[in-house]
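In what follows, a structure is listed as structure tokens, so that the remarks can point back to it.
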Amino acid sequence: MKVLVWIGIAFLVIFIVCAVIFAAFSFYVSNPGTYNAIAYDSKVSNQYYMRDNKVIYVVDGNFFQIGGADIEGADPDTFEVVDQSYAKDINNVYYDGKPVAGANPSSVEFVESEFEKNSVNSGYLISNGKVFCYGEVIDGADPASFSYLIGSYAMDNNYIYYYIDIKIPRKVTPAVISDANDRYIRHGEQVLYNGEVISDEAGSFKPINDEYAKDDFRVYSHGKVVEGMVPEGFTVISPYYRKDKHQAYYFNFPIPGSDPKTFKVFNDAVSKDINNIYYNGNIVENKKPSEISRSDADELQKLWMWRSLHLDEKLVILVPSDDVEDITNDYYTYNNDVYSRTEKLAGVKPEDVVVLDQSEKAFTRIGKQVFYYGTAIPGADPETFTVVADRFSKDANHVFWAEHRVLDAHPSTFEYKTNLYAVEDDEGGYNLKID
């Protein structure tokens, strides 16, 4: 017993010593002094330094991984930091180490906030009668009435601004939405998210968490309406599951036939209600709710032990992983049947799936169709089809790139070259391009 105690103490000492060495090394490699650099004002910014009588810019002070870059033309004697990203000298105003065109170092002022006492590091700055956002001019912004709001929102007498390019005609003074992150702001009865109006029901709008919000009529996910989801009864059950009064959801995808009143989540993969067992939001055809306990559900979540095979888009079976053989990454065989990522292939046996390129296993032939990673290649002739290289293939009539026909290539003259690929044109056709 004493031996085990001493072994434990030895391991603990080794761990502490390694931690101290790592901390010391991290401090050494991250310390500006290691690189003969002195911060202009480390309390304001960790990005601007003097080294060898030159001004250097270092992203977030990360000397070790990124290193510093000289700011060409910067005057070290008159250089001073304004905030984390802005700085100035006798010649220029700088943002992230680059001169700000149109700004005047003798005319620099912070944009005051309507909602926050500290507007520093908002990204907004007024100089030379212009308003700048992240080092670029906001065309038409009025510096006399311009103020910072929250996040990346600002305003003047005429508009609400989000970053540089987005502006919304202003009717009233915007307001912060309680419990919402800074992507949201209220403008009268409008709710804005990332600078876009998403709701006209600000009075009933309620953030639920950083992803979801709702009003009296809709549920929103990252500012987008979730079609079919209703606010009544809406609840975030877990990071993977939600429900409303009608049904449960796997992320934002409806779980058909699910009963929200009895829906229960076991883990990230397995859930159940009075009707079914669900695996990643799909109905499990070969398991019944009465058969599954929490411990069973935890076992089914182990990918090395169990596989879910799709019978159709929403119906799966759970089978032992050892009983499933991968033909490719897109086709599998179980009990002498073949499954794709989305369905059981009726009438298809493992020997019917012919892999056309053994290295990548991207191209396959099943009957009279040719597939690229499980997607049919329209018009491909299975009798004359051959794989060329790097997503390219051809038959007697056409050249293909992935599952797309290449319009400006002919199989009799086509030659593959390094860095050759195809791009989609405005009409949806694909043509060759080389870098």
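Here are a few things to note about the model shown:
- Of the beta bridges in the chain, as assigned by DSSP with both residues counted there, near 95 percent are antiparallel.
- Using a probe radius of 1.4 angstrom, the carbon and sulfur fraction of the accessible surface of the chain is 51%.
- Inter-label distance, nm, simple model (7 Å from Cα along the C-beta direction), residue 299/residue 77: 8.0
- Accessible surface, segment 281-419, averaged per residue in Å² (probe 1.4 Å): 57
- Computed about its Cα centre, the charge dipole of the chain is approximately 1240 debye, with only Lys, Arg, Asp and Glu carrying charge at their Cβ.
- Counting only protein heavy atoms and a 1.4 Å probe, segment 119-225 has 46 square angstrom of accessible area per residue.
- Helix 2-30 and the longest principal axis of the C-alpha atoms of the chain enclose an angle of approximately 50°.
- Extension reserve of the residue 369-residue 189 stretch, reckoned as 0.36 nm per residue once the Cα distance is removed: 59.3 nm
- Qualifying chymotrypsin sites (Phe, Trp or Tyr not before Pro) in segment 46-104, DSSP loop, other Cβ atoms within 10 Å at most 15: 64
- Those trypsin sites (Lys or Arg not before Pro) in segment 301-367 that DSSP places in a loop and that have at most 12 other beta carbons within 10 Å: 302, 341
- Taking every protein chain into account, the accessible area of segment 236-278 amounts to 45 square angstrom per residue (probe 1.4 Å).
- The chain - mean residue ellipticity at 222 nm from DSSP helices (-39,500 (n - 2.57) per run, n ≥ 4, rounded to 500): -3000 deg cm²/dmol
- Using a Förster distance of 45 Å, the FRET efficiency for residue 343-residue 383 (Cβ separation, nearest 0.05): 0.95
- Shown is the FRET efficiency for residue 351 and residue 217, computed with R0 = 56 Å from the Cβ-Cβ distance and rounded to the nearest 0.05: 0.55.
- Looking at segment 220-257, the chymotrypsin sites (Phe, Trp or Tyr not before Pro) that sit in a DSSP loop and have at most 14 other Cβ atoms within 10 Å of their own Cβ are 251.
- Taking every C-alpha pair closer than 8 Å and separated by at least 6 residues, the mean separation divided by the residue count of the chain gives a relative contact order of 4 percent.
- Under a Gaussian network description of the chain, with springs only between Cα atoms under 10 Å, the residue in 224, 214, 368 that fluctuates furthest is 368.
- Between segment 189-223 and segment 95-137, the alpha-carbon center distance in angstrom: 30
The values are calculated or read from the model by the stated rules, or taken from the named source; none is laboratory data. Please read these numbers as outputs of a predicted model, since none were measured by experiment. All Cβ positions, even for glycine, are placed from backbone atoms using ideal geometry, and neighbour counts span all protein chains on display. With ligands, DNA and RNA removed, areas are computed over all heavy atoms of the protein, side chains included. Shrake-Rupley method; radii C 1.70, N 1.55, O 1.52, S 1.80 Å.
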